[in-house]
Structure formats: structure tokens, C-alpha cells
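Chemist: Got a structure for you, written out below as C-alpha cells; questions coming shortly.
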Amino acid sequence: MRRTLATIATLALTFTLQAATHDVIRRGFNVAEGGTLHLDAGIGDVKIVTGGTGVAIEIQRDAANERYLERHQVTFNQSGNDVTVTGKYESPLRFFSFGESLRVKYNVRVPSHYNLDLETSGGDLDLANVNGTVKAHTSGGDVKTGRLNGTASLSTSGGDVEITGANGKLTVHTSGGTISIGDTTGPADLRTSGGSIKVEKIGGDLYAHTSGGSIKIEEALGTIDASTSGGSVSVRFAAAPKADSKLSTSGGSITVSLPANSNLDLDAHASGGGVDSELPVTVQGHHDEDSLNGKIGAGGPRLVLRTSGGSINVRRL
């Protein structure tokens, strides 16, 4: 009996391997820099590199059998310096698992200065350094990029976002992952419903919100509006903010570091811990262990600090 079952398993595996199909689609387009790649992958991972001339596209497909490849259609179109690629799968079933029966990966090379408009419903986005505008969305994967040197909007419904750096306005939204940003010179809007936010350096104003993680800003040169419902907040201001800033959390501590020559109006309150400052504060009104209101230096823009579940610490750089 065992020998019979082993034989059946071997035959089934052999049939599966024989039925598996792999193919590659390649296309090239003669375009100049400054155009836009519009890629709606439908399903699959997308990887973009830059350099060279024109747009080169390679689509790798692995399917359980030929039927799945036949149902997966990819169309190409060129208009001037713009290229449009659309992938579509026509499934006879109401519910279809792409991961088990069809795997698709787009490998694309675009000119050094080129714009990107990308979308996929089930895969990761991997972008090299891009010297153009970027709009990219995935419904089920991670987003990873090199340095983005133009306005960029990145979003995912179920993954992490990691960006080496950015020089333009940056917008990042994820419904289920962490956000990690390197050296960023412009303003940024970062939002996640289920992870932490970390920024190495931000030159412009920052809005950061998470419903389930910590926020850490290692070097800030602009104003900060950062809030979390489930973690700590840590911000190091390399220069005192020139407009009002606010840091808040419902479930952790707040640590803010400021230059010794800062001129700010401090408004700090901790419902679940004390408030401590290494910088001198000229107190205004009532003072207790959980609140500290007053002027740092000569006073200036408001720095509002709020926590319902931890302490507040103001440190001197």
C-alpha cells in the first residue's frame, strides 16, 4: 500500500512539473527622456531600473499550464515619448488564486529622466533611483525605492514601504506595514494604519501618523506634526521649528531633543507620567508633575506635546 501511494505521489509530482510553463515577453520602445511609463500590471511584481536609451520591458511568466498563460493578456502602446503597458487576466472562475497558478514579474528599464505611473493588484514594487515624478500603488505587496528626485506618491494596502531618500514632495500611505525613509529634503506626508514610522532626516515639514506603532525622526529641520495611537514618539530637531509643531501619543512616551538656543512656547502634558526638561523653561500659570507650560528662550512657535500613556522628556542637543 505504501509503495502504491509513493508511486502515485511521484507520478503526480512528475505531471505537475511537466505541466508547469514558463515564458518571457520582451518589448522595446524608442523614446526620449521626459516621457511617462504607464504600467497597470494587473498582477505581478514590478521592478524598475534607470539608464540607457529607450524603454525595455521583460515580462516573466510562470503558470501551472498553458491555459493560464492564454488567459493572461498584455497590451503595449506608444504615444510620443509615453509608453503604456496593461496586463489583464480573464478568469472563468469567480475566485482565482494567482499565487498558485500564475506568477508574473515585470522587469523594466527606462531612461534616467523619466516619469512613472505604476499599479499592480498583487505584487511588490522595486524602484531604482528615479529622476522624474512617481505615482505607484500596490494592493498586496511591499514598496522599495532608491532615491526619488521628483514629486512622489507611493501607496500599498498590505506591505512595508522603504525609501532610500527623496528630494521632492513625498506622500506615502500604507494600510498594513512600516514606513522607513532615509535622507529627505522636501516635505513629507507619511501615514500607516499598522506599523512604525522612521525617518533619518527631513528637510521640510513633516506630517506622520500611525495607528499602531512608534515614530522616530532622527533629524528634523522643519516643523513636525506626528501622532500615534500605540507607541512612543522620538524627534530630534536639528534646528528649532519656525512654526507650530505637535507630537502626540495615546500609548507611549515622548522624547524631543532641541538646540540649546531654541526659542519656543512649550505646552506639554502627560496623563500617565511626568514631564521633564533639560532646557530652562519660564513657567506660565500652574505647574505640576504632569504638565509644563512656558517659554523656552525668548518664546516663539508653539511646541505641543501630549501623551496619555507615558512620560515627556525634553532634551538639550
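Chemist: Just the residues that are over 19 Å from ARG302 (Cβ atoms) and at pLDDT 95 or above, please, taken from region 216-235.
Modeler: The answer is LYS216, GLU218, GLU219, THR228, SER232, SER234.
Chemist: Residues in region 196-207 that are outside any loop (DSSP other than H, G, I, E, B) and either charged (D, E, K, R) or under 19 Å from ARG147 (Cα atoms) (or both): how many?
Modeler: Of the residues in region 196-207, 7 are outside any loop (DSSP other than H, G, I, E, B) and either charged (D, E, K, R) or under 19 Å from ARG147 (Cα atoms) (or both).
Chemist: Further, regarding this structure: If you check THR249, THR210, THR223, THR255, which single one turns out to be β-branched (Val, Ile, Thr), within 19 Å of the chain's Cα centre (by Cα) and buried (at least 16 other Cβ atoms within 10 Å of the Cβ)?
Modeler: Among THR249, THR210, THR223, THR255, only THR210 is β-branched (Val, Ile, Thr), within 19 Å of the chain's Cα centre (by Cα) and buried (at least 16 other Cβ atoms within 10 Å of the Cβ).
Chemist: Okay, moving on. What are the pairs, 6+ residues apart or on separate chains, where a residue within region 181-195 that is assigned to a loop (DSSP other than H, G, I, E, B) has its Cβ under 8 Å from a residue that is of a type in the set (A, V, I, L, M, F, W, C) and at pLDDT 95 or above?
Modeler: THR185/ALA166; GLY186/ALA166; GLY186/LEU170; PRO187/LEU170; PRO187/LEU206; GLY195/ILE179
Chemist: In the list ILE197, ILE163, ILE181, which residue meets the criterion of being under 29 Å from GLY273 (Cα atoms), among the aliphatic types (A, V, I, L, M) and surrounded by 24 or more Cβ atoms within 10 Å (Cβ to Cβ)?
Modeler: ILE197
Chemist: In the list SER175, SER79, which residue meets the criterion of being under 11 Å from the mean Cα position of the chain (by Cα) and surrounded by fewer than 17 Cβ atoms within 10 Å (Cβ to Cβ)?
Modeler: One residue alone meets the criteria, SER175.
Chemist: Now, a different point. Just for region 258-289: of the residues that are crowded, with 17+ Cβ neighbours inside 10 Å and among the aliphatic types (A, V, I, L, M), which one is farthest from the chain's Cα centre (by Cα)?
Modeler: Checked region 258-289; the qualifying residue farthest from the chain's Cα centre (by Cα) is VAL281.
Chemist: Let me ask another. Among the residues that make up region 214-229, is at least one of them over 16 Å from ILE179 (Cβ atoms) and part of a strand (DSSP E or B)?
Modeler: Yes.
Chemist: Just to confirm my filter: which strands (runs of 3 or more DSSP E) fall fully inside region 1-79 and include at least 2 residues that are in contact with a His (Cβ under 8 Å, 6 or more places away or on another chain) and modelled with pLDDT of 90 or more?
Modeler: 55-63
Chemist: Among the residues of region 291-298, is there at least one that is surrounded by fewer than 21 Cβ atoms within 10 Å (Cβ to Cβ), touching a residue at least 24 places away in the same chain (Cβ under 8 Å), of a type in the set (Lys, Arg) and in contact with a His (Cβ under 7 Å, 6 or more places away or on another chain)?
Modeler: No, the conditions are met nowhere in region 291-298.
Chemist: For region 86-99, check the following and say yes or no: at least one residue is at pLDDT 95 or above, surrounded by 17 or more Cβ atoms within 10 Å (Cβ to Cβ) and hydroxyl-bearing (Ser, Thr, Tyr).
Modeler: Looking through region 86-99, none of the residues is at pLDDT 95 or above, surrounded by 17 or more Cβ atoms within 10 Å (Cβ to Cβ) and hydroxyl-bearing (Ser, Thr, Tyr).
Chemist: From the list LEU170, LEU154, LEU116, LEU190, exactly one residue is under 19 Å from HIS38 (Cβ atoms) and within 10 Å of the chain's Cα centre (by Cα). Which is it?
Modeler: Exactly one residue qualifies, and that residue is LEU154.
Chemist: Could you check, for region 287-297, whether at least one of its residues is within 24 Å of GLU200 (Cβ to Cβ) and at pLDDT 95 or above?
Modeler: no
Chemist: Of the residues in region 100-125, how many are modelled with pLDDT under 85 and either polar (S, T, N, Q) or touching a Gly at 6+ places or on another chain (Cβ under 8 Å) (or both)?
Modeler: 2
Chemist: So in region 299-317, with the set limited to residues that are in a strand (DSSP E or B) and out of contact with any Leu (no Cβ under 8 Å at 6 or more places or on another chain), which one is surrounded by the fewest Cβ atoms within 10 Å (Cβ to Cβ)?
Modeler: Filtering first and then ranking leaves ASN313.
The values are calculated or read from the model by the stated rules, or taken from the named source; none is laboratory data. For clarity, every value in this text was computed on a predicted model and none was experimentally measured. All Cβ positions, even for glycine, are placed from backbone atoms using ideal geometry, and neighbour counts span all protein chains on display.
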